[in-house]
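The values are calculated or read from the model by the stated rules, or taken from the named source; none is laboratory data. In this text, all values refer to a predicted model and were calculated from it rather than measured experimentally. Quick reminder, even Gly has a Cβ in these numbers, built from the backbone with ideal geometry, and neighbours come from all protein chains shown. Surface accessibility is based on the protein's heavy atoms, side chains included, excluding ligands, DNA and RNA. Shrake-Rupley method; radii C 1.70, N 1.55, O 1.52, S 1.80 Å.
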Amino acid sequence: MINEQLNLFEEKANEALPLAARLRPKSLDEFVGQTHLLGEGKVLRRLIEEDKVTSMIFWGPPGVGKTTLASIIAEKTKSRFINFSAVTSGIKEIKEVMEQSEEGRKIGERTILFVDEIHRFNKAQQDAFLPYVEKGSIILIGATTENPSFEVNAALLSRCKVFVLQALSSKDIEVLLNRALTSESGFGKQKIEAEEGAIPMIASFANGDARKALSTLEMAVLNGEVDAEGLTHISIASVEEITARKSLLYDKGGDQKYDIISALHKSMRNSDPDAATYWLARMLEAGEDPLYIARRVIRCASEDVGMADTHALPLAVAAFEACKNIGMPECNVILTEAVVYMSLAPKSNALEVAYNEAAKDALEGIAEPVPLYIRNAPTNLMKDLGYGEGYLYAHDFEEKLTPMVCLPPSLKDKRYYRPSKQGMEAKYGPRLEAILKWKEEHRKK
């Protein structure tokens, strides 16, 4: 009788858990997604199955299985497993656990320490792990949604293998949702019918996040219409109501910000106004600062358009000023005009190439002195030393040109700017060639 009561109590307690917690996989066979790491014969699967895990970092977006993998490791390992939270633990707690682990190491006990959201630990807290990882007192498993290159100390990171977990595909998430409807841990004990298209709609809304998908399904079931026979109906209309606004996967301080701004810039460079407009919308609708985007458009105007369309830079600067003056949401169309203009403008990276080559020579070459004849001579001493002597003032000549060489002697024939044949730059090429030819001819005279 007592056992029956305990089982009933446990069952009720389990039902009170969120759906995502109730359906958390307990084995690799139940795990969905990440086949590049967990498929048959893959390295991470072998490490877990053979209980040979080493210090590692799981890096990936929310809801892709980082914590679930840790719980599977906890089930399979013969080691002491400690679950640590970066949100609630400080250096005092870290040191206590580390000392216990060191004592365990001395008697042959292995400790695996799982740290969720390891990026929330500051440098001092992360440093507290380092000597124990080095000695082998602990095997550290960290989980993070942030790029560990930026958020985890280099010394600690060098001792961990980084496994990159990917956002789940819509098909993966549909598998999880259908499992939730049939599993006894989910809604298997209820009679539920989903309208055709409702499950794929939830999967698409989740944007690769299994936890979000399951939470949305749970809400859809709770808000579903129940008929006289006790059948719960999940309609597309109810799903649309629940997911009235798609929560965009975008972390303004993390990788998503830089991935999407990169996609925007490369779309403009690739003359793709549709893609550029889409990535712009992704950023603005997620709440990105429009001035951050406008600054990248200005960069594109010179880096990728340059002299091929000399109107591009003034237009980009004007867009920046307009965004600064009127803000969101009105400036969304202004930025759209700017990114579409950059996308359609003729392209030349001649200015970028010119600067990079000049910078290389400036950094790696000998820092030659400025030729005396193009130095200023504001004092008599400088004039006596020859500063400015022999300088040719271009406006004194009919052609507004002189044969004077302005580069240092070792670079006198170097060419950095090589105009393309795109847009307006096509006319600057012949002009530059004519100038160079004139100078060469007049130097021989």
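Looking across LYS135, LYS171, LYS161, LYS191, one residue alone is within 30 Å of ARG110 (Cα to Cα), modelled with pLDDT of 85 or more and of a type in the set (Lys, Arg). It is LYS161.
From GLU103, GLU109, which residue is touching a strand residue (DSSP E or B) at 6+ places or on another chain (Cβ under 7 Å) and over 15 Å from ILE141 (Cβ atoms)? Step by step, each of GLU103, GLU109 is checked, and only GLU109 is touching a strand residue (DSSP E or B) at 6+ places or on another chain (Cβ under 7 Å) and over 15 Å from ILE141 (Cβ atoms). Residues of region 110-125 include at least one that is touching a residue at least 60 places away in the same chain (Cβ under 8 Å) and surrounded by 14 or more Cβ atoms within 10 Å (Cβ to Cβ). Looking only at region 84-93, decide whether some residue is surrounded by fewer than 20 Cβ atoms within 10 Å (Cβ to Cβ), touching a residue at least 24 places away in the same chain (Cβ under 8 Å) and assigned to a helix (DSSP H, G or I). Yes, because at least one residue in region 84-93 is surrounded by fewer than 20 Cβ atoms within 10 Å (Cβ to Cβ), touching a residue at least 24 places away in the same chain (Cβ under 8 Å) and assigned to a helix (DSSP H, G or I). Within region 324-352, if we keep just the residues that are among the polar types (S, T, N, Q) and open to solvent by less than 20 Å² (accessible area, probe 1.4 Å), the residue that is farthest from MET424 (Cα to Cα) turns out to be SER343.
Just checking: which of the helices (runs of 4 or more DSSP H) contained wholly in region 146-227 hold 2 or more residues that are hydroxyl-bearing (Ser, Thr, Tyr) and closer than 26 Å to MET56 by Cα?
Result: empty, no element qualifies.
Find the residue count for region 120-145, including only residues that are small (Gly, Ala, Ser), part of a strand (DSSP E or B) and more than 13 Å from LYS66 (Cα to Cα).
Within region 120-145, residues that are small (Gly, Ala, Ser), part of a strand (DSSP E or B) and more than 13 Å from LYS66 (Cα to Cα) number 0.
Only one entry in ALA194, ALA206 is among the small types (Gly, Ala, Ser), more than 29 Å from the chain's Cα centre (by Cα) and crowded, with 17+ Cβ neighbours inside 10 Å, namely ALA194. Among the residues that make up region 37-50, is at least one of them within 24 Å of THR216 (Cβ to Cβ), surrounded by fewer than 19 Cβ atoms within 10 Å (Cβ to Cβ) and modelled with pLDDT of 80 or more? No, there is no match, as no residue in region 37-50 is within 24 Å of THR216 (Cβ to Cβ), surrounded by fewer than 19 Cβ atoms within 10 Å (Cβ to Cβ) and modelled with pLDDT of 80 or more.
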